Amino acid sequence: MAIRNIIKKGDKTLETRCRPVTEFDRRLHTLIDDMKDTLESSGGVGLAAPQVGVLRRVVLVMETNVPEDGEEYIIELINPEIIEVDGEQNGPEGCLSVPGQYGLVTRPNRVIVKAQDRFGKGFTVEGEQLTARCFCHELDHLEGILFTERAERMLDPDELKSEGED
Ligand code: ZN
C-alpha cells in the first residue's frame, strides 16, 4: 500500500470521463488500497480514481454519519451509479484537487447508489447529508466534472468560518 500523489485542478485528467472497471483483479485491489491510504492521510471524506491519475470508475466515500461511539468507515464503489435522489441541501463544498477553495453547491439530501465491490459483486448503499453530497461529488469526478463547475459561487474564508458554525 502506498500514498499516491493527488492531481490538482488544471490537469486535463480531472476533466476526462472515466472508463468502467472490467477486471476485478489484484491491480484493482492495489489501486483501491492505495486510494484508501491516500484518503486517510489527506483528511478528506472522498476520493475518485482520476484524482490519483487513473481514469477508471472507482471512488471511495467516507461514511461520517455514524453513532457517537462508532467509527467512520470507507465505502468502496466500483462502477457506481446514482439510482435514486431525494430532497435538497445547499452548503459549502471543497475538493482535495482544489485545495483551500470552497463553494456553495446544491446537492440532493439523500441518494441511493448502485455499485460493485472490489470482487465485482453488486450492492446498493444509501447516503444522507454529507455522505450524499460526497457520493454526488465523487461520481461527478468520474464524468470529469469538478465542484467548481457546479458551485453557484465560491466562498471567501470568512464566510466559510461562519458557515462552519451552524
Ligand atoms: Zn473532489
Sum of -39500 (n - 2.57) over DSSP H runs of 4+, divided by residues of the chain (222 nm, nearest 500)
-7500 deg cm²/dmol
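Would you kindly state the longest site-free stretch of the chain, with sites defined as GluC sites (Glu not before Pro) in a DSSP loop (not H, G, I, E, B) surrounded by at most 11 other Cβ atoms within 10 Å?
Longest stretch, sites excluded: 89-151.
Quote the relative contact order of the chain in percent (integer), defining contacts as alpha-carbon pairs under 8 Å separated by 6+ residues. All intermediate terms of the calculation are to be shown ahead of the outcome.
Details: 336 pairs, mean separation 40.4, N = 166.
Reported relative contact order: 24 percent.
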Post the alpha-carbon centroid distance, region 48-79 to region 97-139, in whole angstrom.
8
Whole-Hz ³J(HN,Hα) from phi, Karplus 6.51 cos²θ - 1.76 cosθ + 1.60, for region 113-119, glycine and proline x:
10, 9, 7, 10, 8, 5, 9
So which trypsin sites (Lys or Arg not before Pro) in region 15-56 are both in a DSSP loop and have at most 12 other Cβ atoms within 10 Å of their Cβ?
ARG17
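Can you give me the orientation-averaged projected area of the convex hull built on the Cα atoms of the chain, in nm²?
9.8
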So in region 12-162, what percent of DSSP beta bridges are antiparallel if you round to the nearest 5?
95
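The numbers here are math on the coordinates, done by the rules we state, and not lab data. Remember, it's a predicted structure, so these values are computed and weren't measured experimentally. Virtual Cβ from ideal backbone geometry, glycine too; neighbours counted across all protein chains shown.
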